[in-house]
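The structure appears below as structure tokens.
The values are calculated or read from the model by the stated rules, or taken from the named source; none is laboratory data. Just so it is clear, the structure is predicted and the values come from calculations on it, not from any experiment. When the accessible area is computed, the model is the full protein with side chains, heavy atoms only, and any ligands, DNA or RNA have been set aside. Shrake-Rupley method; radii C 1.70, N 1.55, O 1.52, S 1.80 Å.
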Amino acid sequence: MSDSESHIVSSFDRDLEALQAHLLRMGGLVEAALVNAAKALEAQDLPAADSVIIGDKAVDALEEFIQTEAASLIARRAPTASDLRLVLAVMRAAHSLERVGDYAKNVAKRTRVIGRSAPVDGHAGTIRRMSVMVAKMLEDAQLALVRKDASLAAAVRARDVEIDQMYNTLFRSLFTYMMESAGSIGPSMHLHFIAKNIERAGDHATTIAEQAIYLATGSRPSEERVKGDSTSATA
Amino acid sequence: MNDMTHKGLGLATQTAKISASGVQVHYGTNHALKDVDVTILDRTVTAFIGPSGCGKSTFLRCLNRMNDTVASCRVSGQILLEGEDIYDRRVDPVQLRAKVGMVFQKPNPFPKSIYDNVAYGPKIHGMTRNKAELDAIVEASLRKAALWGEVKDRLDATGTGLSGGQQQRLCIARAIATSPEVLLMDEPCSALDPIATAQVEELIDELRHQFSVVIVTHSMQQAARVSQKTAFFHLGNLVEFGETGDIFTNPKDPRTEAYITGRIG
């Protein structure tokens, strides 16, 4: 297949490789930010939460850089076919990663105000495990993209249902806390938004996986993804 | 120009202008074109792309029997224009070329006046009864070729005195003066600067409302800009033929992919 072959113009290959390298670097920062934010919550480590907040500036700068480089590559190289799909997929993936960076930052901000309480002690461990799973999904989605691996991407997509289930469980548990004790409403609301942030990060991992499928096959996955989030139907 | 958002819309209702099947071309012992099947739709721009020597110009020249002038050239298979075999013995190639006009890579106006360049075809085909009718055809053709405004005050000036881009539009006016059904263009912009190229591309987009246009081009960006259908030729084979938007975003054949992304020459 031509994907393994080089362009006649070798600087075109270097441009495309650089674009993907920047995306992977951005992905690494975002995965770490998400897990570090959840760990900071569990450990009530406020300096660690601060580092996540400050670190988001670097993520935003990388996204800006990737979008500028991608626009420049389109203007200079006029990419077609799989080259074009690669540039488009990287642009969309960078946008998704930037959103995930914002979610991690939001988790860290809430960690700073939430303090220690019974709902925190009861849920922070689950939230950390959920963040680790989402970070792995993000990593695999990016790998699927740079390797043009549609089956790995499909596997990432399938894993999002587990994240949705974890979020459902947290949602119901926090709901119970709030009904039992008005004093727990404050921290429980924050924890719910934290869990929702991480669940949304999982959705972005599936978005990146869908871009990988588009890149590898030329079309977006057609079958409807199984959705595990049932909380919108919960009264 | 590409109508990417309207992909498929309207095309289904468009009729076939030229239907080629099993076309083979030999130059002596060289098998230049191998079993090509393609349908050229009416009122559509079809681009032929591919590396040098791939057979795209050879195939283009089959469509108005320009290959008849090459002694060593043998054409087999069938090419139907509106259902009639253009290689039938009863077909007069000169009459055929009035219906299937051609514009070449280098502008080649006759060393005559602008007026006579355009009037030549209608005159030899006896299309007009008097000077007034001929004047009308010349004006209409120059208007369609987007040249009228620039030359209307100097129709007696020599055609070769125009700029390169104007000369090429004059050649297009000359080609459409005989009211052809199909216009063949063999790299019509390769000798033109970007502004003149854009003017010719704009003209191609206008012409497709009246004619079926087939263009051979080495510029893939030009094929992407001007055509609705694209055919990729490689080593004498028609490798892939489809909607231009599909060919440039998601080609089916690895050879097409490799060529349009710049991986094989």
HN-Hα couplings for region A:101-107 via Karplus (6.51, -1.76, 1.60; θ = phi - 60°), in whole Hz with x for Gly/Pro, come out as x, 5, 5, 4, 4, 5, 4
Judged on accessible area alone, 1.4 Å probe, highest first, B:263, B:61 line up as B:61, B:263
If one takes the accessible area of chain A alone plus chain B alone and subtracts that of the pair, with a 1.4 Å probe, what total in Å², rounded to the nearest 100, results?
1300 Å²
Pull out a ≥ b ≥ c, the square roots of the eigenvalues of the alpha-carbon gyration tensor of region B:69-225, then state rounded if a/c is under 1.5, prolate if not and a/b is larger than b/c, and oblate in the remaining case.
oblate
Hey, what do the phi angles of region A:182-188 turn into as Karplus ³J(HN,Hα) couplings, whole Hz, using 6.51/-1.76/1.60 and θ = phi - 60°, x for Gly and Pro?
4, x, 8, 4, x, x, 5
Classify the protein assembly as shown as rounded, prolate or oblate from the Cα gyration tensor: take a ≥ b ≥ c as the square roots of its eigenvalues, call it rounded if a/c is under 1.5, otherwise prolate when a/b beats b/c and oblate if not.
prolate
What figure in square angstrom, to the nearest 10, would you give for the accessible area of residue A:177 with a 1.4 Å probe?
70 Å²
Residues in region A:1-45 that, when all protein chains are in place, have 50 Å² or more less accessible area than the chain alone would give (probe 1.4 Å):
A:2, A:8
Using alpha carbon centroids, what distance separates region B:169-202 and region A:9-41, in Å?
48 Å
Mind running the shape call on region B:109-190? Use the C-alpha gyration tensor, a ≥ b ≥ c as the square roots of the eigenvalues: rounded below 1.5 for a/c, prolate if a/b tops b/c, oblate otherwise.
oblate
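In what order, largest first, do B:169, A:112 sit by accessible area if the probe radius is 1.4 Å? The partial results should precede the final answer.
Values: B:169 10, A:112 120 Å².
Solvent-accessible surface, decreasing: A:112, B:169.
On the accessible surface of region A:1-52, probed at 1.4 Å, how many percent belong to carbon and sulfur atoms? Show your work: numbers first, answer last.
On the way: 1390 of 2470 Å².
So the carbon and sulfur contribution to the accessible surface is 56 percent.
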For a quick check of understanding: with a 1.4 angstrom probe and all protein chains in place, what accessible area in square angstrom does residue A:192 have, to the nearest ten?
40 Å²
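Below 8 Å between Cα atoms, with a sequence gap of 6+, how large is the relative contact order for region A:1-144 in percent? Present the calculation step by step, with values, prior to reporting the outcome.
Values: 128 pairs, mean separation 58.3, N = 144.
Result for region A:1-144 is 40 percent.
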Of the accessible area of region B:135-251, computed with a 1.4 Å probe and all protein chains kept, carbon and sulfur make up a percent value of 50 percent
Please find, in a Gaussian network model of chain B (springs between Cα atoms separated by less than 10 Å), the residue of B:62, B:73, B:189 whose mean-square fluctuation is greatest.
B:73
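Just the accessible area per residue of the protein assembly as shown, please: how many Å² with a 1.4 Å probe?
Working: 21830 Å² over 500 residues.
Result: 44 Å² of accessible area for each residue.
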